[in-house]
Amino acid sequence: MTVTRASAPRAAQAATQAISATGLRKSYGDKVVLDGIDLSVPQGTVFSLLGPNGAGKTTVVKILSTLVTADAGELSVGGHDLAVDPQAVRAAIGVTGQFSAVDGLITGEENMLLMADLHHLPRREGRRVAAELLERFDLVDAAKKPAAGYSGGMKRRLDIAMTLVGGPRIIFLDEPTTGLDPRSRHTMWGIVRELVADGVTVFLTTQYLEEADELADRIAVLDGGKIAAEGSAEELKRIVPGGHVRLRFTDPDDYRSAASALREAARDDQALVLRLPSDGSQRELRSVLDWLDAAGIEADELTVHTPDLDDVFFALTGSAVPARNNQPKENAR
Ligand SMILES: Nc1ncnc2c1ncn2[C@@H]1O[C@H](COP(=O)(O)OP(=O)(O)O)[C@@H](O)[C@H]1O
Ligand SMILES: [Mg+2]
């Protein structure tokens, strides 16, 4: 058999990637949702697709998990071409949708056993797997109660436990922590880390920059139907302007003398705020403080701002940052 030069590397690459998409397109009517996107996710890594509401995240998940067909694109999941062998793809993956698959009328345990049946596990094996997962996800006490009474965090945990019944090597988690309280969100992050430690590949969508920052090996920002940027959190942070020290004054005279002396500072005359470019290092901070002392000027507030994914998001999409628990953006560090 002869293999053309052009196709050999691509085939090899697709084989080592758990998920790969090239030129993925999807429209609904005349609304273009995905305008030709490329993605690749190496095995055993966490990939995060980040984007605001309506960006097309769920559409990507539905396409890659065979629930919706793409208009165009070369797609491969678990080494199987989606167009050729969707059945094999389905066997390799688990999907936890944005909206829960949990049946509230039956108990957590019954939900698990139902999944075991769907995966054609022998009865005894099904019981064993269900018990193991209920234990692992801290649902033993709740297992005999109707799932309708579960908290949001418990429902998500049950949802993921159900996804794991078939032992998938690739898992899609569509906004797994949206609407969860901070504690349940941290529990969920722990679950994702455990999955990856087991060698599972996780494709995670989120609106939360800090979540992508926390979990993902690689992040792609989806905006306007295209991938606006792709890379590690560190790489993405490098594309935005560096950090700064922010000085806020209440005395307009202090503000004016500081502003005229610190020429490189960006001024906000209304708020009496100066922003000085800074790497946030101790040395740079000390020099700012020393200078203020020497000039006999007292700033009422000094905060250090290092670039985070919020800045990246803003720089790339120019749109407001999605809700993130009303945390203040400026953190004193
Ligand atoms: N079945 C559908 N029919 C028509 N439009 C849809 C359908 N599914 C999604 N859309 C539209 O596609 C866009 C992307 O939706 P979605 O993938 O759900 O975004 P996200 O998950 O990022 O919030 C939205 O404008 C949505 O209204
Ligand atoms: Mg969605």
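Bear in mind these aren't lab numbers, they're just calculated from the coordinates by the rules spelled out. In this text, all values refer to a predicted model and were calculated from it rather than measured experimentally. Backbone-built Cβ (ideal geometry, glycine too); neighbour counts: all protein chains shown.
Observations on the model:
- Separation in nanometres of the label points that stand 7 Å from Cα toward Cβ, at Gln98 and Leu285: 4.0
- Highest mean first, the peptides 74-84, 211-221, 278-288, 49-59 sorted by other C-beta atoms within 10 Å per residue fall in the order 211-221, 49-59, 74-84, 278-288.
- Over the stretch 47-184: Rg over Rh, Cα atoms, Kirkwood Rh: 0.99
- In terms of its Cα atoms, the chain spans 79, 59, 39 Å along the principal axes, sorted from long to short.
- DSSP beta bridges confined to the chain are antiparallel in about 65 percent of cases.
- Pairs of alpha carbons in the stretch 67-116 separated by more than 14 Å make up 63% of all such pairs.
- A straight Cα-to-Cα reach below 13 Å connects Lys31 with the aspartates and glutamates Asp71, residues fewer than 8 places away in its own chain not being considered.
- Of all lysines in the structure, the ones whose alpha carbon falls short of 23 Å from that of Lys237, not counting any fewer than 8 places away in one chain, are Lys57, Lys226, Lys329.
- Under 22 Å from Lys145, Cα to Cα: lysines that are on another chain or at least 8 residues apart: Lys155
- In terms of overall dimensions, the C-alpha atoms belonging to the stretch 115-215 reach 42, 31, 19 Å along their principal axes, ordered largest to smallest.
- Length available on full extension from Glu234 to Gln270: 0.36 nm per residue minus the Cα-Cα distance, which gives 9.6 nm.
- Label positions at Thr250 and Asp181, each projected 7 Å from the Cα along the C-beta direction, are separated by 3.6 nm.
- Per-residue [θ]222 nm for the chain (sum of -39500 (n - 2.57) over DSSP H runs n ≥ 4, rounded to 500): -11000 deg cm²/dmol
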